[in-house]
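Peer 1: If you scroll down you'll find the structure; I have some questions about it.
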Amino acid sequence: MQFPQKHTAAGTTIFTVMSALAQQHNAINLSQGFPDFAIDERLANLLGEAARTGFNQYAPMAGLPALRQAIATNFAQRYGLTIDADNEITVTPGATYAIYAAFTAVLQPGDEVIVPEPAYDSYIPNIEMNGARVVPVALQAPTFAIDWNKMRDAITPRTRAIIINTPHNPTGAIWSKTDWDELANLVRYTNIVVLSDEVYEQLVFDGERHYSVLEHAELRERSFALYSFGKVFNNTGWKIGYCIAPPAYTQAFRRIHQFLSFTVNTPGQYALAHHLANETRPTVGALMQQKRDYFLRLMRDTPFTIHQPARGSYFQIASYERISNLPDMEFAHWLTERHGLATIPVSAFYSNKKDDKLIRFCFAKKEETLTDAVNRLRGIETIA
Ligand code: PMP
Ligand code: GLN
């Protein structure tokens, strides 16, 4: 049987590859992005309560009304935004799914989509699975800011969408208000749709703040904003997220969603609805900042170079230029096999596998995990 090649990504996603390699070598896993500590006891209890009190059948297609309402209230409290829970919010099985559904709602074969790179590894396959073409635009190391001239040059009459990710995986860069204004200038007289992947919106450090596409009144009218509860309540395995978009966009999104998963795990939605409603002051940003700082302090005693501390997200990228000339994929394998520490080679986030000798560490871990991990890097030998 010959199966059709729906996208150009070779092999298995890097997150699966590196987590499996970590397991195989009994390595500490700072590769795939997930916390290694317990979730809030109250949230765990709510999940049990949902199952015991009968929230075990299909939820409505758009999501449990209590959860959509809690999301709307939460955005009103945190951003001062008015969001219509019935017509602008759709609960999804995670943000990866929401990104795919949004692309599928928008794209037709032959369309072009602009993707700033490095980029989360599902974007490009998702675009290609819809018969559209990827137009990559390189971000500028070491800050990984957008080069607006390059962005302008990438736009053609076939450009149908652009995907933004702030705070950014893997670089930890964040967008300023000016970036959104620049984007608005570029797309103003086009029919380009914006997908704004904001899964790390609550993980912004050093007193900076996240600017959502939803706060930009002009862009909001042409945008899908995508979120993931996993990054807010440290429960990535629950795989529950949501999409916020204007009513017409939400309708198009639901036309796809109703025939993809139709709806999302009901007890999980119940638990999140009640937890979110009681959780008015977010704490995960401060927690992750402490972890980033702890990790950065430890890394000072290693030969890795950190050109730019992460401003947000779960991730810190570091250069191994003083240790090795190996390609980053080989280096990441060597580090796992030889030193028992798994990371992600940053070339995995580029369509052309651009290799800048950078690896990505996930610091969303217990302090003892970070200590053990960095201990394995002390006195690391150089390797040609
Ligand atoms: N976008 C980015 C940038 C991510 O890092 C992740 C991490 N998993 C996702 C989307 C997907 O989130 P989810 O686990 O909810 O699918
Ligand atoms: N977002 C996580 C990361 O970048 C993992 C997501 C996944 O495993 N697909 O590591």
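Peer 1: Using 20 Å as the cut-off for backbone N distance, which residues of the stretch 344-381 belong to the label zone defined by a point 7 Å from the Cα of Asp293 along Cα→Cβ?
Peer 2: 362-372, 374
Peer 1: From the Cα gyration tensor of the stretch 12-115, with a ≥ b ≥ c the square roots of its eigenvalues, which class applies: rounded if a/c is under 1.5, or else prolate if a/b is larger than b/c, or else oblate?
Peer 2: Values: a/c = 1.96, a/b = 1.15, b/c = 1.71.
Cα axes put the stretch 12-115 in the oblate bin.
Peer 1: What whole number of Å gives the distance from the Cα centroid of the stretch 77-131 to the Cα centroid of the stretch 179-228?
Peer 2: Here the answer is 12 Å between Cα centres.
Peer 1: Sort 246-252, 370-376 for me by packing, meaning the mean count of neighbouring Cβ atoms within 10 Å per residue, highest on top. Can you show the working numbers first?
Peer 2: Working: 246-252: 16.4, 370-376: 18.6.
Listed from highest to lowest mean packing, they are 370-376, 246-252.
Peer 1: Just list whichever of Lys291/Lys366; Lys231/Lys365; Lys6/Lys150; Lys291/Lys357 have alpha carbons separated by over 18 Å in the model shown. Write down the numbers at each step before the final one.
Peer 2: Details: Lys291/Lys366 8 Å; Lys231/Lys365 13 Å; Lys6/Lys150 28 Å; Lys291/Lys357 24 Å.
Going by Cα-Cα distance, Lys6/Lys150; Lys291/Lys357 fall outside the 18 Å limit.
Peer 1: Another question, then. Please arrange Phe75, Phe3 by counting, for each residue, the other beta carbons lying within 10 Å of its beta carbon, fewest first.
Peer 2: Values: Phe75 22, Phe3 5.
Neighbour counts put them in this order, fewest first: Phe3, Phe75.
Peer 1: Looking at the stretch 174-289, what % of its DSSP beta bridges pair antiparallel, to the nearest 5?
Peer 2: Details: 4 of 8 bridges.
Roughly 50 percent of the beta bridges in the stretch 174-289 run antiparallel, per DSSP.
Peer 1: Let me know the longest stretch in the chain that avoids all GluC sites (Glu not before Pro) found in a DSSP loop with at most 14 other C-beta atoms within 10 Å.
Peer 2: Details: sites that count: Glu208, Glu221, Glu321, Glu381.
Looking at the chain, 1-207 is the longest stretch - no exposed GluC sites (Glu not before Pro) with at most 14 other Cβ atoms within 10 Å.
Peer 1: Is the C-alpha gyration tensor of the stretch 210-321 telling us rounded, prolate or oblate? Criteria: a/c under 1.5 is rounded; beyond that, a/b larger than b/c is prolate, otherwise oblate.
Peer 2: Working: a/c = 2.30, a/b = 1.78, b/c = 1.29.
It is prolate, given that a/c is not under 1.5 and a/b is the larger ratio.
Peer 1: Please list, in chain and number order, the residues 5+ apart from Val193 or on another chain whose amide H is under 5 Å from its amide H, with Hs placed from the backbone.
Peer 2: Correct list: Ala161, Ile162.
Peer 1: Sticking with this structure for a sec: Between Ile39 and Met129, what FRET efficiency follows from the Cβ-Cβ distance if R0 is 25 Å, with the result rounded to 0.05? Write out the running numbers ahead of the final one.
Peer 2: Numbers: r = 32 Å, r/R0 = 1.29.
Calculated transfer efficiency: 0.20.
Peer 1: Sort out for me the Cα centre separation of the stretch 239-307 from the stretch 350-384, rounded to whole Å.
Peer 2: The distance from the Cα centre of the stretch 239-307 to that of the stretch 350-384 comes to 24 Å.
Peer 1: So, one more: Which of Arg378, Arg78 has the fewest other C-beta atoms within 10 Å, and how do the rest follow up to the most?
Peer 2: Arg378, Arg78
Peer 1: Separate question: How many percent of all Cα-Cα pairs in the chain sit more than 35 Å apart? Please report the intermediate quantities before stating the final value.
Peer 2: Details: 18247 of 73536 pairs.
So the pairs more than 35 Å apart make up 25 percent of the total in the chain.
Peer 1: Let me ask something else. Whole-Hz ³J(HN,Hα) for each residue in the stretch 166-182, computed from phi via Karplus 6.51 cos²θ - 1.76 cosθ + 1.60 with θ = phi - 60°, x for glycine and proline: what do you get?
Peer 2: 9, x, 9, 9, x, 8, x, 6, 10, 8, 8, 4, 4, 4, 5, 4, 4
Peer 1: When the chain is fully extended, how far beyond the present Cα-Cα distance does Glu221 get from Ala20, taking 0.36 nm per residue of separation? Provide the component values of the computation, followed by the final result.
Peer 2: Working: separation 201, 0.36 × 201 = 72.36 nm, distance 4.16 nm.
Answer, rounded to one decimal: 68.2 nm.
Peer 1: Moving on. So if I place +1 on the C-beta of Lys and Arg and -1 on the C-beta of Asp and Glu, and nothing else carries charge, what would the dipole magnitude of the chain be about its Cα centre? I want it in debye, nearest 20.
Peer 2: Computed charge dipole of the chain: roughly 240 debye.
Peer 1: Set the Förster distance to 41 Å, then compute FRET efficiency between Lys353 and Tyr79 from the Cβ-Cβ distance, nearest 0.05.
Peer 2: Values: r = 37 Å, r/R0 = 0.91.
It comes to 0.65.
Peer 1: Going by average Cβ density within 10 Å per residue, which order do the peptides 21-32, 92-103 take, highest to lowest? Walk me through the intermediate numbers first.
Peer 2: Values: 21-32: 18.7, 92-103: 24.5.
Output ranking for 21-32, 92-103: 92-103, 21-32.
Peer 1: Whose amide H sits under 5 Å from the amide H of Arg133, counting only residues 5 or more places off or on another chain, with H placed in the peptide plane?
Peer 2: Residues meeting the criterion, in which the H sits 1.01 Å from N, are Gly110, Asp111, Glu112, Val113.
Peer 1: Now for a separate question. Counting other C-beta atoms within 10 Å, which of Tyr320, Tyr294, Tyr58, Tyr211 has the fewest, and how do the rest follow?
Peer 2: Numbers: Tyr320 25, Tyr294 16, Tyr58 9, Tyr211 20.
Sorted ascending by nearby Cβ count, the order is Tyr58, Tyr294, Tyr211, Tyr320.
Peer 1: If you plug each phi of the stretch 297-304 into the Karplus form 6.51 cos²θ - 1.76 cosθ + 1.60 with θ = phi - 60°, what whole-Hz ³J(HN,Hα) values come out, in order, with x for Gly and Pro?
Peer 2: Coupling constants for the stretch 297-304: 4, 4, 5, 4, 8, 10, x, 6 Hz.
Peer 1: Report the full-extension gain for the segment Trp148 to Arg255: residue separation times 0.36 nm, less the Cα-Cα distance, to one decimal in nm.
Peer 2: Working: separation 107, 0.36 × 107 = 38.52 nm, distance 3.38 nm.
Extra length available between Trp148 and Arg255 comes to 35.1 nm.
Peer 1: Which far-off residues, 5 or more places away or on another chain, put their amide H under 5 Å from the one on Ser324, with H placed in the peptide plane?
Peer 2: Long-range HN contacts for Ser324: Ile383.
Throughout, read-outs are computed from the coordinates displayed, never taken from laboratory work. Every value quoted in this text rests on a predicted model; they were computed, and no experiment measured them. Positions of Cβ are backbone-derived with ideal geometry, glycine not excepted, and every protein chain shown enters the neighbour counts.
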